[in-house]
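Encoded as structure tokens, here's the structure I'll be asking about.
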Amino acid sequence: MSEPSSQPRMSKSALIFICLAGGLIAFGVIYDAFDYFWGYGWAVDELRTILQLIIVDDDSWWPMYNAANVRLYGDGIYQTVFFEDGMKFQYPPLSILPFVIFIKIGMGWETIREFMNFISFVSILSIIGSVYYLIISVFKKFTSIENFDWKYKISFILIAIVGTFGFDAIVKAQYLGQIQVILDLCICLAFLLFLTNKKYLAGACLALAALVKPQITLLLVWAIIRKEKEVIVGMIAIFVPAGVISLYGFGFLEHVHYLESLSQMGKHGEAYWPNQSINGLLHRLISDVDPLKFPVNSYAPYNPIVYGFTIVTTVMLILLGLFCRPESGHTKAQGKTPISSSFDMATMLLLVTMASPIAWYHHYGILWPIFIAAFVVIAWQLYQRRDLLTVATAILFSLSFLLLSNRFPVLTKEQFASSPINLVQSYYLFGAFLMLAALFMLRRNLVVKSDVD
């Protein structure tokens, strides 16, 4: 049988993608509208707030500004800010360098927070553009089409815009004044650049994100094991000068104190329900702590059972990302196709997020572009052959997307605060586990189909 032309293949698979991704996004829009008129309306109110560039909270900006002031005019960033003042400053020393510069050149607090809020919002717009280009790029991997019909471009743009502003973790991070939005952009660009074989730049983007979130440094270990030389070079090209600048500018002792603060956070963790990690789930189950209240200046009480399970599960999840490869055992490309390798990296990014003792729900904003790329691949696979594995993968991704992209405020009320019913408050974590299973299935399916084809 002759191979169908690329245009019909593109048309049918694109239609499936638009129905799948667009349908899930539309469900979220309808749900938010329903919640706005007959429920709590938080998601709509927060979206309206960020679209107006209104500053509500300074979850990252104030601690970073305060730490920069201590660095310039005080003595010991972590000793003062973290251990003495009890402020939850969780970032490495180099992360506050821009704030040090802002203060040195005479910028006041209000100007700095407005500037950072604007940069964060621009990051969201950049994510929209990157997601649109990601859709085009993934489709090009399966078809020979270089120019897409306008009706598909409009649909892709709408999915990128509405989906980004409808992805709760991204909106919430912007609303909170969180640097996580900028990190979401770094990860989005890293995934896109890796997929389009610009791996040096992909490694550089991963390293930039790791300068704020050190757990992302584990992607360097992943790259070494996978022999991704370009990614290794890209990450080291950022890490080496950044390390020199950090040590020179802040001193060795500050880095030791930072490690002590990380140890303190890992030892205690958070019981507050937005901590969507295994540590948070266990605290809510067995600790006598109110999961609906955020302790501003303290962490959850030390619990040896929670701490032990946190260490074990953290190690297990990291090892899973580093060494479990569902692509292995298949002959063609040995899982080294650009698409499969990209989802391998995506799996590791998901796992380092889940493995953290403290993984706030807005940390899962990095998953939005990965979902979109997965939906394109699934649409192509459904067009080719609706086998059980592909359908099951599509269902798992869809359920995961619904859990991770939407807000369910009713679950954060008093009636769901007691153990064991408070398990439902970990719906982000459960969505992440569903996505993990779906990613492994998708990666296996990619190579199996590659072998068959």
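Across region 247-261, which residue is surrounded by the most Cβ atoms within 10 Å (Cβ to Cβ) among those that are under 25 Å from the mean Cα position of the chain (by Cα) and of a type in the set (Ser, Thr, Tyr)?
TYR258
Oh, and also: Does region 45-62 hold any residues that are in contact with a helix residue (DSSP H, G or I) (Cβ under 7 Å, 6 or more places away or on another chain) and crowded, with 16+ Cβ neighbours inside 10 Å, and which are they? Spell out the reasoning first.
Just the residues of region 45-62 that are in contact with a helix residue (DSSP H, G or I) (Cβ under 7 Å, 6 or more places away or on another chain), to begin with: 46-47, 49-50, 53, 55-59, 61.
Result: GLU46, LEU47, ILE50, ILE55, ASP58, ASP59, TRP61.
So ILE103 ticks every box in (1) surrounded by fewer than 21 Cβ atoms within 10 Å (Cβ to Cβ); (2) modelled with pLDDT under 95; (3) touching a helix residue (DSSP H, G or I) at 6+ places or on another chain (Cβ under 7 Å) but one. Which box is left unticked?
Among (1) surrounded by fewer than 21 Cβ atoms within 10 Å (Cβ to Cβ); (2) modelled with pLDDT under 95; (3) touching a helix residue (DSSP H, G or I) at 6+ places or on another chain (Cβ under 7 Å), the lone unmet condition for ILE103 is (2).
Here is a follow-up. For region 369-406, name all the residues that are free of Cβ contacts under 8 Å to residues at least 24 places away in the same chain and either touching an Asp or Glu at 6+ places or on another chain (Cβ under 8 Å) or in a helix (DSSP H, G or I) (or both).
Listed by number, the residues that qualify are LEU388, VAL391, ILE395.
Hey, another quick one. All but one of (1) assigned to a helix (DSSP H, G or I); (2) among the aliphatic types (A, V, I, L, M); (3) modelled with pLDDT under 90 hold for MET1, so report the exception by its number.
Of everything listed in (1) assigned to a helix (DSSP H, G or I); (2) among the aliphatic types (A, V, I, L, M); (3) modelled with pLDDT under 90, MET1 misses just condition (1).
List every residue pair whose Cβ atoms lie under 6 Å apart, where the two residues are 6 or more positions apart in sequence or sit on different chains, the first residue falls within region 254-278 and is among the polar types (S, T, N, Q), and the second residue, located anywhere, is in a helix (DSSP H, G or I).
As it stands, the answer is SER261/TYR78; SER261/PHE82; GLN276/TYR361; GLN276/TYR428; GLN276/LEU429, since those pairs meet every condition given.
Name the residue, out of PHE82, PHE89, that is buried (at least 19 other Cβ atoms within 10 Å of the Cβ), in contact with a helix residue (DSSP H, G or I) (Cβ under 6 Å, 6 or more places away or on another chain), assigned to a loop (DSSP other than H, G, I, E, B) and modelled with pLDDT under 95.
PHE89
I want to confirm something. Restricting to region 117-169 and keeping residues that are among the charged types (D, E, K, R) and part of a helix (DSSP H, G or I), which single residue is nearest to VAL29 (Cα to Cα)?
ASP168
For (1) within 23 Å of VAL181 (Cα to Cα); (2) of a type outside the set (Gly, Ala, Ser); (3) surrounded by 21 or more Cβ atoms within 10 Å (Cβ to Cβ), each residue gets a yes or a no:
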{"site": "LEU292", "(1), (2), (3)": "no, yes, no"}
{"site": "TYR302", "(1), (2), (3)": "no, yes, no"}
{"site": "VAL306", "(1), (2), (3)": "no, yes, yes"}
{"site": "MET345", "(1), (2), (3)": "yes, yes, yes"}
{"site": "LEU367", "(1), (2), (3)": "yes, yes, yes"}
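Hey, any hits in region 302-324 for a residue that's in contact (Cβ under 8 Å) with a residue 40 or more places away in the chain, part of a loop (DSSP other than H, G, I, E, B), over 16 Å from TRP360 (Cβ atoms) and hydrophobic (A, V, I, L, M, F, W, C)?
yes
Only one residue in LEU446, LEU436, LEU429 is under 17 Å from the mean Cα position of the chain (by Cα), closer than 19 Å to PRO326 by Cα and part of a helix (DSSP H, G or I), so which one is that?
LEU436
Looking at the structure I just gave you, is GLU110 in a helix (DSSP H, G or I), closer than 26 Å to ASN297 by Cα and touching a residue at least 12 places away in the same chain (Cβ under 8 Å)? Outline the logic, then answer.
Working: in a helix (DSSP H, G or I): yes; closer than 26 Å to ASN297 by Cα: yes; touching a residue at least 12 places away in the same chain (Cβ under 8 Å): no.
Criteria not met by GLU110.
The values are calculated or read from the model by the stated rules, or taken from the named source; none is laboratory data. This one's a predicted model, so the numbers in the text were calculated from it and none came from an experiment. Glycine also receives a Cβ, built like all others from the backbone with ideal geometry; neighbour counts cover every protein chain displayed.
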